[in-house]
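The values are calculated or read from the model by the stated rules, or taken from the named source; none is laboratory data. Just so you know, these numbers come straight off a predicted model, no measurement behind them. With ideal geometry, Cβ positions are generated from the backbone for all residues, glycine too; neighbour counts draw on all protein chains shown. All accessible areas refer to the heavy atoms of the entire protein, side chains included, with ligands and DNA or RNA removed. Shrake-Rupley method; radii C 1.70, N 1.55, O 1.52, S 1.80 Å.
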Amino acid sequence: MLERLRGDILSTKLVPGQKLHIAGLAKQFSVSLAAVREALSRLVADGLVQASDQRGFRVSPVSPADLEDVTRTRIDIEGLALRRSIERGDQAWLNSVESSFAALCAVPQRDPGDPMKHNEVWIARHRIFHRALVNACGSHWLLGFRDVLHEQSERYRRLSIRETGKSRDVAAEHAAVVHAVLRRDADAAVAALTTHFLTTMQFVELAAPRISEVPTTV
């Protein structure tokens, strides 16, 4: 139930600011009220849900200021993890970066049946690819912080699927990071990763210029 709820938040099926009623969720997922409370508490700890004595639980809201904060903090944390991975990573790590990138490139980003939706297979492979880039950093704390920021970024990135009148080559952005990693050029790799994250931020801003809470209830 926890992972299903997390997935609904990350995919924005449960939208930012949406109220989360314990009884309704218990009925929806066919679980006890205690199980729902435990899951929501875990998601509060991860920053995906907010709790208030007066207002109960709700999906954490989004905002342009938070988007920039998440993005720039992710650049700092993930950039550091990438540098350390390039310094420490062995050939097996390089092979994992190449293989995860090839797997990502093998599927389309958008749902073939609905170009206004993400392809869920691409989403899963995209997560694996970005994690592979930093897996050799040697710090479980750094990876833990990185994973929290990735989840926060994911909700915003999902918004960037909307039409903006501009196009981008995400595969080329990823390729720039990979090629620098394979050369063990840490400066170039971090610069390419930074450009990639900032471009996503810009597309979210274009696609959703008035990000705000959505007063929907469940």
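A compact table of results
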{"read-out": "Label-to-label distance, nm, for residues given as ALA65 and VAL107 (7 Å Cα→Cβ offset)", "value": "3.7 nm"}
{"read-out": "Simple Cβ-charge dipole of the chain, Lys/Arg +1 and Asp/Glu -1, about Cα centre, in debye nearest 20", "value": "420 debye"}
{"read-out": "Accessible area per residue in Å² at 1.4 Å probe, computed on the chain", "value": "51 Å²"}
{"read-out": "Mean separation of Cα contacts under 8 Å, 6 or more apart, over the residue count of the chain: relative contact order %", "value": "31 percent"}
{"read-out": "Protein accessible area in the chain, 1.4 Å probe - carbon and sulfur %", "value": "53 percent"}
{"read-out": "Degrees between helix 140-159 axis and first principal axis of the chain (Cα, 0 to 90, nearest 10)", "value": "70 degrees"}
{"read-out": "Largest to smallest accessible area among MET1, MET201, MET116 [probe 1.4 Å]", "value": "MET116, MET1, MET201"}
{"read-out": "Exposure of VAL36 as accessible area (Å², to 10), given a probe of 1.4 Å and all protein chains", "value": "0 Å²"}
{"read-out": "Full-stretch length increase - ASP169, GLU38 - with 0.36 nm per residue and alpha-carbon distance subtracted", "value": "43.1 nm"}
